[in-house]
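J.: The structure that follows is given in the form of C-alpha coordinates.
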Amino acid sequence: MKTIDLRSDTVTRPTTAMQAAMLAAPLGDDVFGDDPTVNLLQDSLAERLGFEAGLFCPTGTQSNLIALMTHCQRGDEYIVGQEAHCYKWEAGGAAVLGSIQPQPLDNARDGSIPLERIAAAIKPDDVHPHAPAGAGEHHRRQAAAAGLCGRGGGPGPWARLAVPSGRGALF
Ligand SMILES: Cc1ncc(COP(=O)(O)O)c(C=O)c1O
(Lines give C-alpha, C1' and ligand atoms only; values in the text may rest on other atoms or scores of the structure.)
Protein backbone atom coordinates (compact mmCIF):
# COMPACT_ATOMS: atom_id res chain seq x y z
CA MET A 1 0.00 0.00 0.00
CA LYS A 2 1.28 3.43 -0.90
CA THR A 3 1.35 5.83 2.01
CA ILE A 4 1.45 9.59 1.73
CA ASP A 5 3.38 11.51 4.38
CA LEU A 6 1.33 14.59 5.24
CA ARG A 7 3.12 15.57 8.44
CA SER A 8 4.35 18.84 7.02
CA ASP A 9 5.07 20.78 3.84
CA THR A 10 8.74 20.15 4.66
CA VAL A 11 8.33 16.50 3.67
CA THR A 12 6.29 17.02 0.49
CA ARG A 13 7.06 18.53 -2.89
CA PRO A 14 4.69 20.87 -4.69
CA THR A 15 3.06 19.24 -7.70
CA THR A 16 3.74 20.54 -11.20
CA ALA A 17 0.41 22.39 -11.12
CA MET A 18 1.35 24.02 -7.81
CA GLN A 19 4.75 25.05 -9.18
CA ALA A 20 3.08 26.49 -12.28
CA ALA A 21 0.66 28.46 -10.10
CA MET A 22 3.59 29.89 -8.13
CA LEU A 23 5.44 30.88 -11.29
CA ALA A 24 2.36 32.55 -12.74
CA ALA A 25 1.24 34.29 -9.55
CA PRO A 26 0.82 38.06 -9.87
CA LEU A 27 3.47 40.03 -8.02
CA GLY A 28 3.04 42.52 -5.20
CA ASP A 29 4.51 43.43 -1.83
CA ASP A 30 2.51 42.69 1.28
CA VAL A 31 4.29 45.50 3.17
CA PHE A 32 2.53 47.90 0.80
CA GLY A 33 -0.68 45.84 0.94
CA ASP A 34 -0.52 45.16 -2.80
CA ASP A 35 0.21 41.43 -3.00
CA PRO A 36 -2.97 40.26 -4.73
CA THR A 37 -2.56 36.65 -3.60
CA VAL A 38 -2.22 37.57 0.09
CA ASN A 39 -5.09 40.04 -0.18
CA LEU A 40 -7.32 37.44 -1.80
CA LEU A 41 -6.44 34.86 0.85
CA GLN A 42 -7.10 37.28 3.72
CA ASP A 43 -10.32 38.66 2.28
CA SER A 44 -11.84 35.36 1.22
CA LEU A 45 -11.05 33.64 4.53
CA ALA A 46 -12.41 36.56 6.56
CA GLU A 47 -15.61 36.42 4.54
CA ARG A 48 -15.96 32.65 4.82
CA LEU A 49 -15.31 32.63 8.57
CA GLY A 50 -17.39 35.72 9.28
CA PHE A 51 -14.58 37.97 10.52
CA GLU A 52 -13.99 41.66 9.82
CA ALA A 53 -10.57 41.04 8.32
CA GLY A 54 -7.92 38.39 7.90
CA LEU A 55 -4.17 38.39 8.40
CA PHE A 56 -1.82 36.00 6.63
CA CYS A 57 0.87 34.66 8.97
CA PRO A 58 3.47 32.31 7.55
CA THR A 59 3.71 30.01 10.58
CA GLY A 60 1.34 28.57 13.15
CA THR A 61 3.57 29.52 16.07
CA GLN A 62 3.66 33.11 14.86
CA SER A 63 -0.13 33.15 14.44
CA ASN A 64 -0.70 31.88 17.96
CA LEU A 65 1.70 34.40 19.48
CA ILE A 66 0.17 37.29 17.54
CA ALA A 67 -3.30 36.23 18.69
CA LEU A 68 -2.24 35.97 22.33
CA MET A 69 -0.35 39.26 22.34
CA THR A 70 -3.20 41.02 20.55
CA HIS A 71 -5.76 39.92 23.11
CA CYS A 72 -3.66 40.13 26.27
CA GLN A 73 -1.50 42.66 28.04
CA ARG A 74 1.50 41.85 30.22
CA GLY A 75 0.34 40.11 33.40
CA ASP A 76 -2.89 38.85 31.82
CA GLU A 77 -3.74 35.20 31.80
CA TYR A 78 -4.93 32.89 29.08
CA ILE A 79 -7.06 29.82 29.62
CA VAL A 80 -5.72 27.04 27.45
CA GLY A 81 -5.91 23.27 27.04
CA GLN A 82 -3.07 21.19 28.46
CA GLU A 83 -2.71 19.64 25.02
CA ALA A 84 -2.92 22.87 23.03
CA HIS A 85 -0.05 23.48 20.68
CA CYS A 86 0.50 27.02 21.94
CA TYR A 87 0.84 25.73 25.51
CA LYS A 88 2.70 22.51 24.93
CA TRP A 89 4.93 22.94 21.91
CA GLU A 90 5.82 26.59 21.46
CA ALA A 91 8.62 27.01 23.99
CA GLY A 92 6.42 29.05 26.33
CA GLY A 93 6.42 31.93 23.82
CA ALA A 94 3.37 33.62 25.34
CA ALA A 95 5.13 33.82 28.72
CA VAL A 96 8.63 34.44 27.40
CA LEU A 97 7.78 37.10 24.84
CA GLY A 98 4.36 38.38 25.94
CA SER A 99 4.50 38.09 29.75
CA ILE A 100 1.14 36.30 29.51
CA GLN A 101 0.70 33.46 31.96
CA PRO A 102 -1.16 30.31 31.01
CA GLN A 103 -4.00 28.82 33.03
CA PRO A 104 -3.96 25.29 31.56
CA LEU A 105 -7.04 23.05 31.80
CA ASP A 106 -7.50 19.39 30.88
CA ASN A 107 -8.82 18.83 27.39
CA ALA A 108 -11.77 16.53 26.84
CA ARG A 109 -11.15 13.41 24.72
CA ASP A 110 -12.31 15.24 21.61
CA GLY A 111 -9.84 18.07 22.17
CA SER A 112 -12.35 20.68 23.31
CA ILE A 113 -12.51 22.20 26.78
CA PRO A 114 -15.99 21.95 28.27
CA LEU A 115 -17.47 25.43 28.66
CA GLU A 116 -18.27 24.87 32.34
CA ARG A 117 -14.58 24.10 32.95
CA ILE A 118 -13.62 27.38 31.28
CA ALA A 119 -16.27 29.27 33.24
CA ALA A 120 -15.01 27.79 36.52
CA ALA A 121 -11.45 28.87 35.71
CA ILE A 122 -12.38 32.53 35.25
CA LYS A 123 -11.09 34.34 38.30
CA PRO A 124 -13.09 37.01 40.10
CA ASP A 125 -12.19 40.64 39.54
CA ASP A 126 -8.72 41.28 40.87
CA VAL A 127 -8.53 44.33 43.10
CA HIS A 128 -4.76 44.39 42.93
CA PRO A 129 -3.54 46.73 40.25
CA HIS A 130 -1.38 45.16 37.59
CA ALA A 131 0.45 48.09 36.20
CA PRO A 132 2.67 47.57 33.21
CA ALA A 133 5.20 50.41 33.30
CA GLY A 134 3.64 53.64 32.12
CA ALA A 135 0.31 52.08 31.25
CA GLY A 136 -1.65 53.17 34.31
CA GLU A 137 -3.79 50.86 36.37
CA HIS A 138 -4.58 47.60 34.72
CA HIS A 139 -6.56 44.74 36.19
CA ARG A 140 -5.67 41.25 35.17
CA ARG A 141 -7.81 40.01 32.33
CA GLN A 142 -8.26 36.52 31.02
CA ALA A 143 -8.58 35.27 27.51
CA ALA A 144 -9.51 31.77 26.44
CA ALA A 145 -7.51 30.09 23.69
CA ALA A 146 -9.48 27.47 21.83
CA GLY A 147 -8.01 24.71 19.77
CA LEU A 148 -9.14 21.16 19.24
CA CYS A 149 -5.66 19.59 19.47
CA GLY A 150 -6.01 17.84 16.15
CA ARG A 151 -8.87 15.74 17.52
CA GLY A 152 -11.53 17.59 15.59
CA GLY A 153 -14.19 17.40 18.27
CA GLY A 154 -16.26 19.65 20.39
CA PRO A 155 -19.96 20.22 20.14
CA GLY A 156 -20.60 22.34 17.07
CA PRO A 157 -19.46 25.93 17.20
CA TRP A 158 -18.31 25.68 20.80
CA ALA A 159 -15.29 27.85 20.13
CA ARG A 160 -17.48 30.85 19.36
CA LEU A 161 -19.72 30.15 22.33
CA ALA A 162 -16.78 30.16 24.68
CA VAL A 163 -16.31 33.91 24.84
CA PRO A 164 -16.64 34.83 28.51
CA SER A 165 -18.94 37.84 28.58
CA GLY A 166 -16.97 41.02 28.73
CA ARG A 167 -14.10 39.42 30.64
CA GLY A 168 -11.93 38.23 27.89
CA ALA A 169 -11.61 37.20 24.33
CA LEU A 170 -11.48 33.97 22.48
CA PHE A 171 -9.38 33.00 19.52
C1 LIG B 1 -2.28 23.48 16.10
C2 LIG B 1 -0.90 23.93 15.70
N3 LIG B 1 -0.53 25.18 15.99
C4 LIG B 1 0.70 25.63 15.64
C5 LIG B 1 1.61 24.82 15.00
C6 LIG B 1 2.97 25.35 14.68
O7 LIG B 1 3.07 25.63 13.33
P8 LIG B 1 4.46 26.13 12.71
O9 LIG B 1 5.35 24.95 12.64
O10 LIG B 1 4.03 26.62 11.34
O11 LIG B 1 4.99 27.23 13.56
C12 LIG B 1 1.27 23.52 14.68
C13 LIG B 1 2.25 22.66 14.00
O14 LIG B 1 2.21 21.46 14.06
C15 LIG B 1 -0.01 23.06 15.05
O16 LIG B 1 -0.39 21.80 14.78
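The values are calculated or read from the model by the stated rules, or taken from the named source; none is laboratory data. Keep in mind that what you see is a predicted model, and the values were worked out from it rather than measured. When we count neighbours, we look across all protein chains shown, and the Cβ atoms used for this are built from the backbone with ideal geometry, even at glycine.
J.: Scan the range 64-93 for residues that are touching a Phe, Trp or Tyr at 6+ places or on another chain (Cβ under 9 Å) and within 14 Å of the ligand (Cβ to nearest atom) and report the count. Walk me through it before giving the result.
T.: So in the range 64-93, the residues touching a Phe, Trp or Tyr at 6+ places or on another chain (Cβ under 9 Å) come out as 64, 67-68, 70-72, 78, 80-81, 86-87.
Restricting the remaining residues to those that are within 14 Å of the ligand (Cβ to nearest atom) gives 64, 67-68, 80-81, 86-87.
Of the residues in the range 64-93, 7 are touching a Phe, Trp or Tyr at 6+ places or on another chain (Cβ under 9 Å) and within 14 Å of the ligand (Cβ to nearest atom).
J.: Another question, if that's okay. Out of all the residues in the range 92-114, is one or more among the acidic types (Asp, Glu), closer than 16 Å to GLU77 by Cβ and modelled with pLDDT of 65 or more? First the steps, then the outcome.
T.: Within the range 92-114, the first condition is being among the acidic types (Asp, Glu), and the residues that meet it are 106, 110.
Filter again for closer than 16 Å to GLU77 by Cβ, leaving none.
No - not one qualifying residue is present in the range 92-114.
J.: Which numbered condition trips up ALA53, out of (1) touching a residue at least 24 places away in the same chain (Cβ under 8 Å); (2) out of contact with any Leu (no Cβ under 9 Å at 6 or more places or on another chain); (3) part of a loop (DSSP other than H, G, I, E, B); (4) among the hydrophobic types (A, V, I, L, M, F, W, C)?
T.: Here ALA53 meets the rest and fails (1).
J.: Can you go through LEU40, LEU65 and tell me which one is part of a helix (DSSP H, G or I) and assigned by TED's automatic domain parsing to the domain that holds GLY93?
T.: Numbers: LEU40 fails: assigned by TED's automatic domain parsing to the domain that holds GLY93.
On inspection, the qualifying residue turns out to be LEU65.
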